Structures are given as structure tokens and as C-alpha cells.
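The values are calculated or read from the model by the stated rules, or taken from the named source; none is laboratory data. Because the structure is a prediction, the values reported are computed rather than measured. For neighbour counting, all protein chains shown are included, and Cβ atoms are generated from backbone atoms with ideal geometry for every residue, glycine included. For accessibility, only protein heavy atoms count, side chains too; no ligands or nucleic acids. Shrake-Rupley method; radii C 1.70, N 1.55, O 1.52, S 1.80 Å.
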Amino acid sequence: MKLSKLVVLAAVLMTMSVSAQKKAAAKPAAKPAAAKAASSKATKAETMDWIGGKMQENLASPRKFVSYSNGLFVYTKEMYGGEICTTTIDLNKVTGLSNEYSEDFFMSGKGMGLTTCVQDTKPNVFEYISIAGPNYKDYSSPFNFTPDQTLVERMRKALNTLVEYNGASKKGADEKF
């Protein structure tokens, strides 16, 4: 009888010990996940730099990358007849994303882009630029993101974050809405 009580007591102690070990192991694992979630949002500069890097990697031919700095992405394109045009996209001015059709989306912003050509007397200012899509309207698409839909979704997420950053500065200190 004493032996059976000892076996039961030993089983209870082992169960409590295993249970305590599981609880102790679970607590430290939760802390790094919470810390990671708190610091996972990129800053505005980090967001623009990532977007600018992906724009450079996916710049469609015959465009040539010139520079990227502080949200200003610059590339050139040789036009028909040999004229060189330079386009600057200011990521600091991106304030929206708009879907066109079902698979295309544009980033937009007032005065977001500027194209100047050597022979033009007046630069072309634009407010929309295609990021990815089927190109139904046969517009000039400077980037080739469409084949990689995972990257397109990552760009959409990054641009939404950038829109949040750029939109926050529009409200004045004395404005309630």
C-alpha cells in the first residue's frame, strides 16, 4: 500500500514539474514577439528607401537609373529621335493609391512627378504613375513589377505606409479635422 502511495505521489510531482517547465518556457517566448511587433513599422525614410530600391531594381528598359536620394527617384529615357528625357518622382509627395481595373494600381500625389526633355520648353508635371498592371490603355509603364505579384503586394503595403506618413503632415496644428 505504501508503495502505491509513493508511485501516485511521484506521478503527481512529475506532472507538476512538467507543467511548470512548459509554463516557464512559454513566457520568455512571448516577450520577443511582443518586442518585435512594437518595432516592426519602418520609418518614413526607411519606407521611401525600400520603395526607391525596388523601383531601381525593376526599372523597365529602355529607362536608365540616374539617382535616388531623400525620396527623389530620377531616371532617363531616350525618346524617338534620340532626345533624352529625365523624370523625377518625388516619393515625399505620394498621397494616394488608386486601383484601375482589377489588377493595376497607381500611386498618386499632386506634383509627384516631373519629366523634362532637352527640346521641351515646358516640363511635364504628372500626378499618377503606374506601379503594376495589365496596361489596358497602352500607357508608358516605367516599372516592371507585374510579373512578381508577391512584390506587387509588398509595394502596395509599403506605399500605403508612405501615404500614411505623407498625409499626416497635411493637417495644420490648429485643425481638428
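Numbers at a glance
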read-out: Trypsin sites (Lys or Arg not before Pro) lying in DSSP loop within the range 41-104, provided at most 11 other Cβ fall within 10 Å; value: LYS41
read-out: Rounded accessible area of ASP120 (nearest 10 Å², 1.4 Å probe); value: 80 Å²
read-out: Local electrostatic count, PRO62, Cβ distance below 13 Å [Lys/Arg +1, Asp/Glu -1]; value: +1
read-out: Surrounding net charge for CYS85, when Lys and Arg each add one and Asp and Glu each subtract one, Cβ distance under 15 Å; value: +1
